[in-house]
Amino acid sequence: MSLLVSFALILGGIVLLLFGGDFLIRGATALARKWNIPSLLIGLTIVAFGTSAPELVV
């Protein structure tokens, strides 16, 4: 694989990671507001599990 393709894949992965992180935070905040749960509690549980999930699968 050429260096240019590798660089493009890394850059694409970073962009997707940024959008995915933003989507996760917005969704968790909306869920907390809908269920009248403190945002801190959502952050400590759902977001923490979501960020650890890839490591749990491996």
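Please give the per residue volume of the convex hull enclosing the alpha carbon atoms of the chain, rounded to a whole number of Å³.
Hull volume over Cα atoms, normalised by residue count, gives 83 Å³.
Can you give the FRET efficiency to the nearest 0.05 for residue 35 and residue 56, using r as the Cβ-Cβ distance and R₀ = 35 Å?
Step by step, r from the Cβ atoms, then E = 0.90.
In whole Hz, with x marking every Gly and Pro, tabulate ³J(HN,Hα) for region 33-50 from phi via Karplus 6.51 cos²θ - 1.76 cosθ + 1.60, θ = phi - 60°.
Computed from phi, the couplings for region 33-50 are 5, 5, 9, 6, 10, x, 4, 4, 5, 4, x, 6, 10, 5, 5, 5, 5, x Hz.
Can you tell me which of 27-37, 4-14 comes out highest on packing, and rank the rest after it, using the mean Cβ neighbours within 10 Å?
27-37, 4-14
Read-outs: derived from the displayed coordinates by stated rules, not from any lab. Everything numeric in this text was worked out from a predicted model, so none of it was measured. Neighbour counts run over all protein chains shown; Cβ positions are idealised from the backbone, glycine included.
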